[in-house]
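J.: Next up is a structure, given as structure tokens.
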Amino acid sequence: MLDLVAQKRPPAGLRPVLRRSIQAVMEHLGIADREVTVVLVSDRTIRQLKREHWPAEDIDETAATDVLSFPSWEPGDPFMPPHLGDIFISLDTAQRQAEARSQSLTREVALLASHGLTHLVGFDHPHAEGLGYEEGATGEEWQVFHASWQAAQQALTDI
């Protein structure tokens, strides 16, 4: 289940598409009975969140990021709570990335949400250069992210 909080106004039609794509990823990951929150924010807000939660040496003060995940549990714990955590997506950065990829903002947000959800369940990857999540990134640690995005894409037939 998805709880969507829009601190920045999303494009028309994003909500139902995001719900479908997140549900598809949750089913793919075997967590369809859990909940996540996606919060749509500005670059300013996501920069502030990153400053508050990441070590100073890992932060470029001038750069926003596209997606941040905040799990509400520690993967590997024997008890998985009903709410897995929060995913923050900068609509400003997502818009720039969508334009660079020649795709819609709705599709970019769905990609970022699938990526953030995969982090919430405990997967990580090496840093990617360029547009954040790299569809062409290779290596075993990227495969679960690609599989999640493929599951999300199946729900995006109408965009």
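J.: Among the residues of region 1-15, which ones are open to solvent by 70 Å² or more (accessible area, probe 1.4 Å), in contact (Cβ under 8 Å) with a residue 12 or more places away in the chain and among the aliphatic types (A, V, I, L, M)?
T.: Met1
J.: Continuing with this model, one more query. Tell me the residue from Ala6, Ala110 that is at pLDDT below 90 and within 15 Å of the chain's Cα centre (by Cα), please.
T.: Of the residues listed, the single one that is at pLDDT below 90 and within 15 Å of the chain's Cα centre (by Cα) is Ala6.
J.: Return the residue satisfying two criteria in turn: it lies in region 16-40 and is assigned to a helix (DSSP H, G or I) and in contact with a strand residue (DSSP E or B) (Cβ under 6 Å, 6 or more places away or on another chain), and of such residues it is most open to solvent (accessible area, probe 1.4 Å).
T.: Arg19
J.: Please go through region 62-87 and give me each residue that is modelled with pLDDT of 95 or more and open to solvent by 30 Å² or more (accessible area, probe 1.4 Å), ordered by number.
T.: Asp86
J.: Now for a different question. Please name all residue pairs, on different chains or six or more residues apart, with Cβ atoms under 6 Å, provided the first residue is in region 41-69 and is acidic (Asp, Glu) and the second residue is at pLDDT below 90.
T.: Listed by first residue and then by second, the contacts come to Asp43/Ala64; Asp66/Gly132.
J.: Got at least one residue in region 49-61 being aliphatic (A, V, I, L, M), open to solvent by 60 Å² or more (accessible area, probe 1.4 Å) and modelled with pLDDT under 90?
T.: yes
The values are calculated or read from the model by the stated rules, or taken from the named source; none is laboratory data. Please read all numbers here as calculations on a predicted model, not as lab measurements. Using ideal geometry, Cβ is built from the backbone for each residue, glycine included, and neighbour counts are taken over all protein chains shown. Just so you know, the surface numbers come from the protein's heavy atoms only, side chains and all, with ligands and any DNA or RNA stripped out. Shrake-Rupley method; radii C 1.70, N 1.55, O 1.52, S 1.80 Å.
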